[in-house]
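The values are calculated or read from the model by the stated rules, or taken from the named source; none is laboratory data. Please read all numbers here as calculations on a predicted model, not as lab measurements. Note: ideal-geometry Cβ built from the backbone for every residue, glycine included; neighbour counts use all protein chains shown. Surface areas here come from the heavy atoms of the whole protein model, side chains and all, with no ligands, DNA or RNA. Shrake-Rupley method; radii C 1.70, N 1.55, O 1.52, S 1.80 Å.
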Amino acid sequence: MHMTDCLISPAVGAVMYTASAAAVVYSAVKVKKDGIDMKKAAVAGATGAFILAAQAVNYAIPGTGSSGHLLGAVILAAMVGAAPAMLVLASVLMIQCFAFGDGGVLALGANIFNVGVIPCLIVYPLIFKPLIKKSVSTGKTALASFIAAIASFQLGAFGVVLVTQASGITALPFAQFTLTMQPVHLIIGLVEGAATAAALCFVYKTRPEIMASTLDGTVMNGSIRVRKVVTAFAAAALIFACTIPFGSDAPDGLEWSVERVSSI
């Protein structure tokens with residue numbers, strides 16, 4: 001779902017840079033004000049590495065000829081909070097852009113907004129937390145994870161459509177582009193939802209204090225160990241990194257949608 005520079009105009013790119021920069025500044029100020037303990041910082045680091053590696057591996061979507069990759073934003077926000085997650089996601093997207101050429105420099109602001117701001121600062125507080133906060137359980141964790149992950153993909157995909165439409169530099173019909181983008185990203189979102197539910201249920205069963213402290217805005221007790229969770233995400237990052245050469249070479253959901261609409 002990373003946009004390239006050819007899909008966005010300089011004016012719209014500047015607007016999206018401004019919006020994303022404001023979100024980053026807000027998140028940085030909030031983290032400085034609220035603080036983050038070393039255990040959460042360790043969790044954020046390991047999960048950030050996992051997200052960086054996971055987003056680099058595309059998996060084929062049967063029956064479409066397209067591919068998709070995980071986002072991981074809801075996983076991170078549920079464990080460390082919306083603001084720290086936003087900062088980690090922005091860092092991941094900048095590394096992807098400048099080090100690996102994934103997404104354009106002009107489109108970086110839009111990518112940070114669609115992939116970072118939407119799931120961390122909109123979906124997590126407005127969908128995930130209300131579904132889970134009153135009584136955390138494995139079932140509610142799975143349900144909230146699934147719904148939030150799908151919502152992140154659907155809103156992010158629609159954000160891409162809106163940015164492309166506002167740019168006015170392509171001949172992509174709005175309605176047809178939307179009707180192509182949303183279904184394929186719904187399929188990707190279903191996979192993301194299952195992965196998010198599995199990851200957060202593991203965290204809840206292993207160290208429920210991690211999610212509980214994030215939901216309550218409290219600091220974890222110093223005696224609580226997070227080594228198992230950190231090790232698990234670090235190991236998952238290593239596994240994904242090793243599988244990058246074997247990922248699908250089919251066009252991702254955005255590229256596939258553009259190709260289909262452009263050929264109409």
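Using the average count of surrounding beta-carbon atoms within 10 Å as a protection proxy, the listed peptides 135-141, 149-155 rank, highest first, as 149-155, 135-141. Relative to the longest principal axis of the Cα atoms of the chain, the long axis of helix 10-34 makes an angle of roughly 0 degrees. The local environment of Leu143, defined by Cβ-Cβ distances under 15 Å, has a net charge of +3 under the rule Lys, Arg +1 and Asp, Glu -1. The value of relative contact order for the chain, using C-alpha pairs under 8 Å at least six residues apart, is 32 percent.
Can you give the helix-only mean residue ellipticity at 222 nm for the chain, where every DSSP H stretch with n ≥ 4 adds -39500 (n - 2.57) and the sum goes over all residues, rounded to the nearest 500 deg cm²/dmol?
On the way: 11 runs with 177 residues, N = 264.
My calculation for the chain gives -22500 deg cm²/dmol from helical runs alone.
In this simple spin-label approximation, Asp5 and Ala194 carry label points 7 Å from Cα along the Cα→Cβ vector, and these lie 3.8 nm apart. The alpha carbons of the chain occupy a box of 59, 38, 35 Å along the principal axes, longest dimension given first. Shape verdict for region 6-92, please, from the Cα gyration tensor: rounded (a/c under 1.5), prolate (a/b greater than b/c) or oblate. Verdict is oblate for region 6-92.
For the chain, the solvent-accessible area works out to 43 Å² per residue, with a probe of 1.4 Å and every protein chain left in place. Of all lysines in the structure, the ones whose alpha carbon falls short of 23 Å from that of Lys140, not counting any fewer than 8 places away in one chain, are Lys40, Lys129, Lys205, Lys228. Our summary gives region 66-201 a relative contact order of 30 percent, counting only alpha carbon pairs under 8 angstrom and 6 or more residues apart. Accessible area per residue (1.4 Å probe, heavy atoms of protein chains only) ranks Glu209, Glu192, Glu255 as Glu255, Glu209, Glu192, with the largest value leading. Summing +1 for each Lys or Arg and -1 for each Asp or Glu among the other residues whose beta-carbon sits under 9 angstrom from that of Arg225 gives +4. Highest GNM mean-square fluctuation, the chain, Cα pairs closer than 10 Å: which of Thr18, Thr64, Thr196? Comparing Thr18, Thr64, Thr196 in the GNM, the peak value goes to Thr64.
Which shape class, rounded, prolate or oblate, goes with region 43-126 when its Cα gyration tensor gives a ≥ b ≥ c as root eigenvalues, a/c under 1.5 marks rounded, and past that a/b bigger than b/c marks prolate? Provide the component values of the computation, followed by the final result.
Values: a/c = 1.56, a/b = 1.30, b/c = 1.20.
Because a/c hits 1.5 or more and a/b exceeds b/c, region 43-126 counts as prolate.
Figure note: Phe177, Phe100, Phe240 ranked by solvent-accessible area, largest first, 1.4 Å probe, ligands and nucleic acids not counted: Phe100, Phe240, Phe177.
Distance between the C-alpha centres of region 111-150 and region 185-264: 13 Å, rounded to the whole angstrom.
Based only on Cα atoms, what Rg/Rh ratio does region 41-80 have, Rh being taken as Kirkwood's radius?
1.12
Among Ile188, Ile127, Ile112, the largest mean-square fluctuation in a Gaussian network model of the chain, built with springs joining Cα atoms closer than 10 Å, belongs to Ile127.
Note: relative contact order over region 5-130, using C-alpha pairs below 8 Å and six or more positions apart, is 36 percent.
As a fraction of the 1.4 Å probe accessible area of the chain, surface on carbon and sulfur atoms comes out at 69 percent.
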